[in-house]
1. Can you tally the net charge around ASP751? Count Lys and Arg as +1, Asp and Glu as -1, for every other residue whose Cβ sits under 13 Å from the Cβ of ASP751.
2. Can you flag which of LYS225/LYS480; LYS663/LYS752; LYS615/LYS663 are past 24 Å Cα-Cα?
3. If you average the alpha carbon positions of segment 637-653 and of segment 848-877, how far apart do those two centres end up, in angstrom?
4. Hey, any idea what % of segment 590-698's accessible area is carbon plus sulfur with a 1.4 Å probe?
5. Which Cα, out of LEU675, SER846, ALA476, lies furthest along the positive dipole direction of the chain (beta carbon charges, K/R +1, D/E -1)?
6. With θ set to phi - 60° and the Karplus curve 6.51 cos²θ - 1.76 cosθ + 1.60, what are the ³J(HN,Hα) couplings of segment 169-178 in order, to the nearest whole Hz, using x for Gly and Pro?
7. As I understand it, the dipole of the chain uses +1 on the Cβ of Lys and Arg and -1 on the Cβ of Asp and Glu, about the Cα centre. Which of PRO68, VAL446, ALA724 lies farthest toward its positive end?
8. In whole Hz and in residue order, list the ³J(HN,Hα) couplings for segment 438-443 that follow from phi through the Karplus curve 6.51 cos²θ - 1.76 cosθ + 1.60, θ = phi - 60°; x for Gly and Pro.
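The values are calculated or read from the model by the stated rules, or taken from the named source; none is laboratory data. No experiment lies behind these values; they were computed from the predicted model shown. Cβ sites come from the backbone with ideal geometry, for glycine too, and all protein chains shown count toward neighbours. The area values use the complete protein model at the heavy-atom level, side chains included, leaving out ligands, DNA and RNA. Shrake-Rupley method; radii C 1.70, N 1.55, O 1.52, S 1.80 Å.
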Amino acid sequence: MNALSRTGVLTFLFTDIEGSTQRWEADIDDMSRALEHHDQLLAGAIGDNEGDVFKRTGDGFAAVFSSPQKALEAAMEGQRRLQTADWRGRVRLKVRMGLHVGEATESRGDYYGPPVNRAARVTDIANGDQIAVSDTVSRLVRGIEFAGQGEHVLKGIGTEQISFVVSSDLLEDHRPPRSRVAPVHRPLPTQPNRLIGRDTDVAAAASLFDDHRAITLVGAGGVGKSRLAIDVGRALTARYPEGVVLCELAPIGDGAAIDDAIADAIGARTQPGMTLVQSIASFLEGRQILLILDNCEHVSSTVRPVVEAILAVDGPGILATSRESIGMVGEQLYGLSPLDPDSAGFDLFCERALERDAHFRAEADDVEHVKEICRRLDGMPLAIELAAAWVRVLTPAQLVDKLDDRFRVLRGGRRGGRHETLRDTIRWSYEQLDDRQASLFDRLSVFSGGFTLAAVESVCLDDAADSIETLDVLMALVDKSMVVSQRGVGRIRFTMLETLRQFGQEQLDVSGTSSAYFLRHADYYTEMAARHGDALLSADETDIWDHLTREWANIRAAFETKLTMRELDEAASLVLALGHFASFAMRFELFAWLDDLGSEPFEDRAEAGSLYGLKAVGAYLTVKPDVISLAETGLDMDPVDRHGFCRIALSAEYLNNLLDAEKSATVTEEWVDNLDEAVLGSRLWAHAMRAFHLAAFEPSPAAAEQAVEVRMIADATGSATAAAIACWAEGLAASIADRDEAVRRWDVGLDKARSIHPVHLAVHLIVGLVIHFSASSDDLALVLKRCRDSLQEALEHHYLAGTSHLFGVTAIVLARAGDAHTGGRLLGAMEGNGHNPRANASRAISQALGAQASGCIDGGRHLSIKAAAAEARAALDAAIDRANTSH
């Protein structure tokens, strides 16, 4: 069989020689002979397994197979022959390989299409001697062992679950994948039913991104903009392989919170010397991310500058929904019209009616009535869905009569616009509710971003109400499409469409009870924050993280309500309760709330010292210069510091940034001696920071004693975060005498932290130490790769303080690799951003550069952390290629 005759589902194998460019540059004659030997070995393995080479790709092959089993056997046989061949005294060639399956188009002996492109990108993930396969391949073959490598970004294509082949008769290469793991983003919400009548709109809106970066879907409320945006986002996942991220702006009542909501959605954090808007743009620069901004009409003036800042950098795209243009430069509008009543509108009514009544069928007599309903409702999808919800009690003919009568009364016989049609339909549906249903509907409008049954019972029920009946009433609203239920893992959550939520708030305002129920909402989430804050370090930690993450929009709304109603002590209590969670989870938004709270002096608050301390923690994490002054002010006001925030900030600053042994000794020693009134988080950090100090500045068995205290807290609580911090402390203590044991403890700590969430402060604390103590490893290529991946992870998490802390060890490793010049610039960048390099980093650069060291360091002082990181990654990539070539 030859390549030209292959059709159907095919398997594509790509190969590439590692470090070939350097080999050609070093000795062209030697590389020519080695390449000839490579071609004979690899082409033979492909042919022996019923494959055909259809193209040369530089120094590699592109081959096609009819069987994924045969393709993988060819790849493995090719590696065996390359690895065991006699290279006649020359350094053998290492080859990376990748495979993917799919249908492609053949033309003149070549193959084209997404599977071919994806196979080439899968190959890019492997190092020499490694075989990478897509998820499809790993599921189709039998009798071969794989090691999963997680989801990876395929540049310009999307993401893929990657596995490496494992075989006892192949040389093992333990290097991690060459590409970075796909970033963590919240998935687009799963829709409970299919989108009807919008296929053309999805394709048309998606195609606009061929020529534009900012598209706004415009249309009346209830026309289906939000739902369409989700499906357009799904259609664009290949164009934006680093993520399609939904940010729902409907629950944001205060324009000032828009920036926080967008930052929270994408994972951006306020950075040194930047506003939050600038930080968002900095985070998105160069990333292929599509940001969906849903329901912008009420905050268009606030969201506009954020969008313009995002569009000023290369990479990201914006898909907004609004009732009108946002007015941003470069905005392309796509108008969304109602459905055709007689076709798509009819189909939508019938499908939604069937969901409510499994016996519903539009019989011959009903067809015209259903079409008439859709015409009366102007083809508005939300209005049609609301009407269809009543088929369990009304026939289509009865619906026509009732809608006609009610609309005539509401409009006084006048025909209104489509927005009026929708409001009339909502009001008509609302008036069909009984008193209990209508009352609950109004009160549910105080929630932001969804709610649970427990929250409904606490916030919405009067003392005399029977909570047993609450679920029945709530499900009646779901049945009537006034509320949406969403089933998650072991839970049911409810939401309201924004148009309905606005209507409910209007009714609540008319009743005069709006303030009371918003306050009840704020009280509930303030109490929840206190309860979860106290229980954070426990065996229930994962559930608490998930719960706080799901409820963050409600927590934000609760804080805003407390501010608005001048209940400032309670607003402060809410922030303090979440201080440890926000630090571990890197939710830096909480620190911005302190600025809102600080519009009046902290001195007037009940726990003013702790507020200053938490502000100092935020300053440390965002690389601001006032860490010490804020923390010392807090301690002057409250020496007890029961939350530990003041001392956490001071210890971190002295131990990590200023490297002041005397002051860190004083702070950590006094801290562990005065823990009688300390909360659990303070006790955990006190012993851990003391262990850090003792290991770094006073190496002795006393460091291990402090680590034992941290381990006792971890064991007693069952907290994975506490266990991760215990491993961090234990590794520090072990590093005094046994670096290998230290790294083993830290590896366990990384697993513990990541078991809670991929974005965890403990991950960054530990990763830097692992690299630091691995810097002298004989496997230079592996250390270089770890440095590059750690810098990438810190940037992915938008943690620039952690990124800067990695520059010192990166400088050491680059100096080993022959690029002390870049290493010196990194030390300068550290100093320019308020971080003192450790002595071993400065010593490594001085030894490598001699008299040129100071000038090189001065040359890096002007660099921002992100600019320095870009230089570091480029230098590390080049060093990795050099190291691989030398083997």
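1. +3
2. LYS663/LYS752
3. 34
4. The C+S portion of the solvent-accessible surface of segment 590-698 is 45 percent.
5. Highest projection toward the positive end goes to SER846.
6. Once θ is set to phi - 60°, the couplings for segment 169-178 become 9, 10, 5, 7, 10, 8, 5, x, x, 6 Hz.
7. PRO68
8. 5, 5, 5, 4, 4, 6
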